[in-house]
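**Student:** My questions all concern the structure below.
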Amino acid sequence: MANIMTVLNMLEEIEISMKNLYQWISEEFTDNTELYRFFQRMSREEETHAGMVKYQKRLVRQNPNSFNEVSTDLSELQEFLQFISSIPEREHNLTPERALKLAIELEGMDEERMYRGVIVESYPELRELIHNLTRSDEEHCIFLKDFARRYLKSDPASDE
Ligand SMILES: [Fe+2]
Ligand SMILES: [Fe+2]
């Protein structure tokens, strides 16, 4: 069960864990400038998303009484967070193909999207933030798929 600040903290943690994950992926490819730069950029953008959540937290802190206290079950979001954080321990010998596939999967996770709907229902004040975070994921999906298409075509090692 959680109040609005706990929800925001969790959303911020998810963006930060995505930032860390992309940072980790980029460092797996330090000998590949193109991939390294691509995932560095993804990482910086996740940091921007975390900043969007931080801004909302500031608004809540400034007007604590204008937000309803609603209890929300965050266990699924917690599981998602754990899933992201455990990836570096589970993924050994990450190939470019695997890294891109993994990122596309994470950005498109239905579970997390569904959960965002629940948050908006509980806290209509967060509608705009949630909308912006979802749009950012969609942009990342497009950006990733576009990059993967170009990159894997030009990478002779990934020939099927
Ligand atoms: Fe994000
Ligand atoms: Fe993203």
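The values are calculated or read from the model by the stated rules, or taken from the named source; none is laboratory data. Keep in mind it's a predicted model, so treat the numbers as computed, not measured. All Cβ positions, glycine included, derive from the backbone under ideal geometry; neighbour counts span all protein chains shown.
**Student:** Restrict the check to segment 47-61 and report whether at least one residue is charged (D, E, K, R) and within 30 Å of Ser154 (Cβ to Cβ). Lay out the reasoning, then the answer.
**Tutor:** Within segment 47-61, the subset charged (D, E, K, R) is 47, 54, 57-58, 61.
Still in the running and within 30 Å of Ser154 (Cβ to Cβ): 47.
Checked against the condition, which is being charged (D, E, K, R) and within 30 Å of Ser154 (Cβ to Cβ), segment 47-61 yields at least one hit.
Conditions (1) over 30 Å from Asn93 (Cβ atoms); (2) in a helix (DSSP H, G or I), marked per residue:
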position	(1), (2)
Glu12	yes, yes
Glu15	no, yes
Ser26	no, yes
Thr30	no, no
Arg37	no, yes
His49	no, yes
Met52	yes, yes
Leu59	yes, yes
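**Student:** How many of the residues in segment 76-115 are of a type in the set (A, V, I, L, M, F, W, C), surrounded by 14 or more Cβ atoms within 10 Å (Cβ to Cβ) and away from ligand 1 (no atom under 14 Å from the Cβ)?
**Tutor:** Residues flagged as of a type in the set (A, V, I, L, M, F, W, C), surrounded by 14 or more Cβ atoms within 10 Å (Cβ to Cβ) and away from ligand 1 (no atom under 14 Å from the Cβ) within segment 76-115 amount to 6.
**Student:** Here's another thing I want to ask about it. Please verify whether Glu91 is charged (D, E, K, R), farther than 19 Å from Leu126 by Cα and within 16 Å of ligand 2 (Cβ to nearest atom), treating the condition exactly as stated.
**Tutor:** Values: charged (D, E, K, R): yes; farther than 19 Å from Leu126 by Cα: yes; within 16 Å of ligand 2 (Cβ to nearest atom): no.
No: the conditions fail for Glu91.
**Student:** Would you point out the residue of segment 1-49, among those that are out of contact with any Ser or Thr (no Cβ under 9 Å at 6 or more places or on another chain), crowded, with 18+ Cβ neighbours inside 10 Å and of a type in the set (D, E, K, R), that is farthest from Ser66 (Cα to Cα)?
**Tutor:** Glu28
**Student:** Is it the case that segment 102-121 has a residue that's farther than 24 Å from Leu152 by Cβ, part of a helix (DSSP H, G or I) and touching a residue at least 60 places away in the same chain (Cβ under 8 Å)? Talk me through it step by step, then tell me what you get.
**Tutor:** If we filter segment 102-121 for residues that are farther than 24 Å from Leu152 by Cβ, which is where we start, we get 110-121.
Applying the additional criterion that residues be part of a helix (DSSP H, G or I) yields 110-121.
From what is left, the residues that are touching a residue at least 60 places away in the same chain (Cβ under 8 Å) are 112, 119.
So far as segment 102-121 goes, yes, one or more of its residues are farther than 24 Å from Leu152 by Cβ, part of a helix (DSSP H, G or I) and touching a residue at least 60 places away in the same chain (Cβ under 8 Å).
**Student:** Another question, if that's okay. Within segment 63-75, is there a residue that is within 18 Å of the chain's Cα centre (by Cα) and either surrounded by 11 or more Cβ atoms within 10 Å (Cβ to Cβ) or in a helix (DSSP H, G or I) (or both)?
**Tutor:** Pass one, segment 63-75, residues within 18 Å of the chain's Cα centre (by Cα): 74-75.
Adding the requirement that they be either surrounded by 11 or more Cβ atoms within 10 Å (Cβ to Cβ) or in a helix (DSSP H, G or I) (or both) leaves 74-75.
For segment 63-75, residues within 18 Å of the chain's Cα centre (by Cα) and either surrounded by 11 or more Cβ atoms within 10 Å (Cβ to Cβ) or in a helix (DSSP H, G or I) (or both): present.
**Student:** Return the pair list, or none, for Cβ contacts closer than 6 Å from residues in segment 9-32 that are over 20 Å from Gly108 (Cβ atoms) to residues that are within 12 Å of ligand 2 (Cβ to nearest atom) and at pLDDT 95 or above, at least 6 apart or on different chains.
**Tutor:** Glu12/Ala50; Gln23/Ser43; Ser26/Phe39
**Student:** For segment 87-101, give me the residue count where each residue is β-branched (Val, Ile, Thr), part of a loop (DSSP other than H, G, I, E, B) and within 15 Å of Met42 (Cβ to Cβ).
**Tutor:** 0
**Student:** Inspect segment 71-78 for any residue being of a type outside the set (Lys, Arg) and within 16 Å of ligand 2 (Cβ to nearest atom) and give the result as yes or no.
**Tutor:** Yes: one or more hits.
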